[in-house]
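The values are calculated or read from the model by the stated rules, or taken from the named source; none is laboratory data. A quick note: this is a predicted structure, and the numbers were derived from the prediction, not measured. Reconstructed Cβ throughout: ideal geometry from the backbone, glycine too, with neighbour counts over all protein chains shown. The protein model used for the area step is the full one, side chains on, heavy atoms only, and it has no ligands, DNA or RNA in it. Shrake-Rupley method; radii C 1.70, N 1.55, O 1.52, S 1.80 Å.
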Amino acid sequence: MQRMAIAERPNWQALADEYGFAYAMPDGQRYWDERAYYRFTLRQIEDDIEAGTSELVALCGEWAGRAVRDEEYLKRLNIPSTYWDWIARSWDRHDPSLYGRFDFVYDGKSPPKLLEFNADTPTSLYEASVFQWYWLEDRIKARVLPANADQFNSLHDKLIARFSAWPTAGLLHMTAFSEELEDRKNVEYMAECAGGAGHQVVLLDIASIGLDGSGRFVDEENREIKTLFKLYPWEWLIHEEFGSALPGSPTVWIEPPWKMLLSTKAILPELWKMSPGHPNLLESYYEGDPAASAIGRDYVAKPIFSREGANVEIRKGGVTVVAPEGPYDTLPRIIQALAPDVVFDGMRPVIGSWIIDQDPAGIGIREDAGLVTGNTSCFIPHAIVD
C-alpha cells in the first residue's frame, strides 16, 4: 500500500458537474482530491481487506442473532419495548438488507482494524462506486496508470443486482432529508441503480411522508408507500411523531428494522466480548465498565450514535488531544483502544469497505491530516497495481 502523487485531470471539475457529482467541491473546498491515489497489491485487497470484511460480516450476523432478544442491549440503544417484537420478526423473516460500510485503519501490512460499522445510512457511495471508476479509466486511457491497473469496485453492478431482491411490480419510494445535498445526491444515485433493476422509483423528502387513517404510510399524492428506501437513521425514525405507527405498518423498509441492532457503535464492545483478540477488532468496552481499564490511558471515547467524527474524544496518556464538538455529547459512550497511527505523506487514510447484502463489493478512502475523519476530510481514489 502506497500513497502516490499523480497529476489530476485538468477537466475533472467539469466532469464532476456533468456526472452530477455536485458535492465534489463543497463551498469551494476540495472533497474529491485526485492529486494522489492509494496503490494496493491484489494480495492486500483479497487477503486483508476483502477477507477481513467477510470475517466481520459473519461476526455481525452472529451478534445480531443474539442481540435480537437481548433486552439489556435493546434498552442500551434506547429502543422502546414497543419495537422489540417488530425487530425480532424482521430478523426471523430474514428481511433483506441492501448495503453497509466497514471503516478500517490499514497500513498494507497488518490486518485492517475496524473503527466502526455504518450499517444503516452509509454515504460516500456515488464517489466510491462511479466517480473513482471513471477516474481509473481516464488515467489508464491517458497512460498515467498501466493498462492492467484495476480497482476493488463492483459496487454499481452489485447494487443493481441487489435491488432485484425487492418486487418491481409496485412503486419503490426513496427518501432522505433533501436539504442535505450529499444525502439527496446519494439517494438519486441509488434511484438510478434501482431503476436499472426494473423499479419505478418515486423520490420524496422525509418530511413529505404521511400517514393515512388506516395506518399506512403514503406519499404526497396519497399513494401507499409499500417499499421505502430511507437514508435516514433508524434511531431518529423511531422517535419521530409517526414512529409509533412503524410496527403496525405494512411498509417494507430498506434497511430493515433488524439493522437497528448493528447501526451503532455499541456493537464494538459486543463484538470484542464475543471474539476477544480477533485480528480485525480493536479492544472495546462500554464506558464505565471496570474491564475498560485494560486498555490503559490511550483510547478513543465514542458516543454510541454519532456521525462525521462528532463528539469523538481521543485521549493519549490520559489527556484529551482532540474532541470535536457535536450534538451527541449526552449519549452513552464506548471506549476503544487507539488504532495504529497509519500516516502516508502526512495524511491518515480511513478505508471504507463496502458490502452489498453480505458480499464485499469495493472500497472508498477518506483521508485527513488530523486524528479524526470528519465531514471536511477528502475522498481519494485507489488503484490495484501489481
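Here percent of Cα pairs over 41 Å apart was calculated from the structure, and among [x] 12; [y] 17; [z] 30 it sits at label [x].
Of the residues 294, 248, 229, the one whose Cα sits farthest towards the positive end of the charge dipole of segment 212-300 is 294 (charges of +1 on Lys and Arg Cβ, -1 on Asp and Glu Cβ, taken about the Cα centre). Given 75/226; 259/302; 109/185; 230/302; 75/109; 113/141, which pairs have Cα atoms separated by over 31 Å? As for pairs spanning more than 31 Å Cα to Cα, those are 109/185; 75/109; 113/141.
Taking 95, 345, 120 as the candidate residues, the one with maximal mean-square fluctuation in a Gaussian network model of the chain, Cα springs under 10 Å, is 345. Scaled against the 2.2 N^0.38 Å expected of a compact globular protein of N residues, the Cα radius of gyration of segment 323-386 reads 1.38. Based on Cα contacts under 8 Å between residues 6+ apart, segment 335-386 shows a relative contact order of 26 percent. In percent, rounded to a whole number, the relative contact order of the chain is 23, using alpha-carbon pairs under 8 Å and six or more apart. Close amide H partners of residue 255, meaning residues 5 or more places away or on another chain with modelled amide H under 5 Å apart, are 230. Label positions at residue 331 and residue 208, each projected 7 Å from the Cα along the C-beta direction, are separated by 2.8 nm.
Quick one: pull the percent of accessible area on segment 267-386 belonging to carbon and sulfur, 1.4 Å probe, ligands and nucleic acids left out.
Carbon with sulfur: 51 percent of the solvent-accessible area.
The mean sequence distance of close C-alpha pairs (under 8 Å, at least 6 residues apart), as a share of the length of segment 249-386, puts its relative contact order at 18 percent. Between residue 72 and residue 43, the FRET efficiency from the beta-carbon distance, with R0 = 35 Å, is close to 0.25. Element breakdown for segment 60-108 at a 1.4 angstrom probe: carbon and sulfur atoms account for 44% of the accessible area.
Secondary-structure-derived ellipticity at 222 nm for the chain, considering helices only, amounts to -6500 deg cm²/dmol, per-run term -39500 (n - 2.57) for DSSP H runs with n ≥ 4. One Cα centroid belongs to segment 139-153, the other to segment 3-59; the line between them spans 13 Å. Ligands, DNA and RNA are left out, and with a 1.4 angstrom probe the accessible area of the chain is 43 Å² per residue.
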